[in-house]
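Data block below; observations after.
The values are calculated or read from the model by the stated rules, or taken from the named source; none is laboratory data. Computed from a prediction, not measured in an experiment: that's the story for all the values here. Cβ placement follows ideal geometry from the backbone for every residue including glycine, while neighbour counts extend to all protein chains displayed.
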């Protein structure tokens, strides 16, 4: 398993990953706009959002990773790291969002992905700690965050989506 940056060479695997989420429904955190766009559009927008010079002004720069299993060339998860906060991220979403392919859940991939991306946050982005939030109803995400050193801060109400989010900090 490895974290990879999305590229056209993975378009077929990205399309299969996307389709599984479309078929399954539910949350798709950490994937950006993949379920709303074609793979080609998503790859373009992912590149644009990776740099302060090309990131749309209403967003913050972020790095998108895919969790790739070489043996069968399958993307089993996606994890996105926001380089810094805007007001919304600071209050609700945090630095990191992630999702695991529905057919690959309950195998520890979320924990592996999160652990694998933390050195990038520290060494490349210079962060001392990261904020991650999860819905109060998402026991799997809570366990993932706690297993990676997350310390609960508080629960907040996100008014637009009308959900409660637990906020956790991981020291790097």
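Taking the stated definitions as given, is residue 84 within 23 Å of residue 42 (Cα to Cα), assigned to a helix (DSSP H, G or I), free of Cβ contacts under 8 Å to residues at least 60 places away in the same chain and more than 13 Å from the chain's Cα centre (by Cα)? In short, no. Here residue 91 passes the criteria (1) over 17 Å from residue 23 (Cβ atoms); (2) surrounded by 21 or more Cβ atoms within 10 Å (Cβ to Cβ); (3) touching a residue at least 40 places away in the same chain (Cβ under 8 Å) except the one numbered (2).
To keep it simple, each residue is scored yes or no on (1) under 22 Å from residue 117 (Cβ atoms); (2) in contact with a strand residue (DSSP E or B) (Cβ under 9 Å, 6 or more places away or on another chain).
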{"position": "7", "(1), (2)": "yes, no"}
{"position": "13", "(1), (2)": "yes, yes"}
{"position": "51", "(1), (2)": "yes, no"}
{"position": "57", "(1), (2)": "no, no"}
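Just one of the numbered conditions (1) free of Cβ contacts under 8 Å to residues at least 24 places away in the same chain; (2) touching a helix residue (DSSP H, G or I) at 6+ places or on another chain (Cβ under 8 Å); (3) surrounded by 12 or more Cβ atoms within 10 Å (Cβ to Cβ); (4) under 30 Å from residue 155 (Cα atoms) is not true of residue 56: (3). In the stretch 122-172, counting only strands (runs of 3 or more DSSP E) that sit wholly within it, the ones holding 3 or more residues that are under 16 Å from the mean Cα position of the chain (by Cα) span 129-135, 163-171.
For the criterion of being touching a strand residue (DSSP E or B) at 6+ places or on another chain (Cβ under 6 Å) and crowded, with 18+ Cβ neighbours inside 10 Å, residue 21 fails. Listed by first and then second residue, the pairs with beta-carbon distance under 9 Å, at least 6 apart or on different chains, first residue in the stretch 131-151 and on the phi > 0 side of the Ramachandran plot and at pLDDT 95 or above, second assigned to a helix (DSSP H, G or I) and buried (at least 17 other Cβ atoms within 10 Å of the Cβ), are 149/118.
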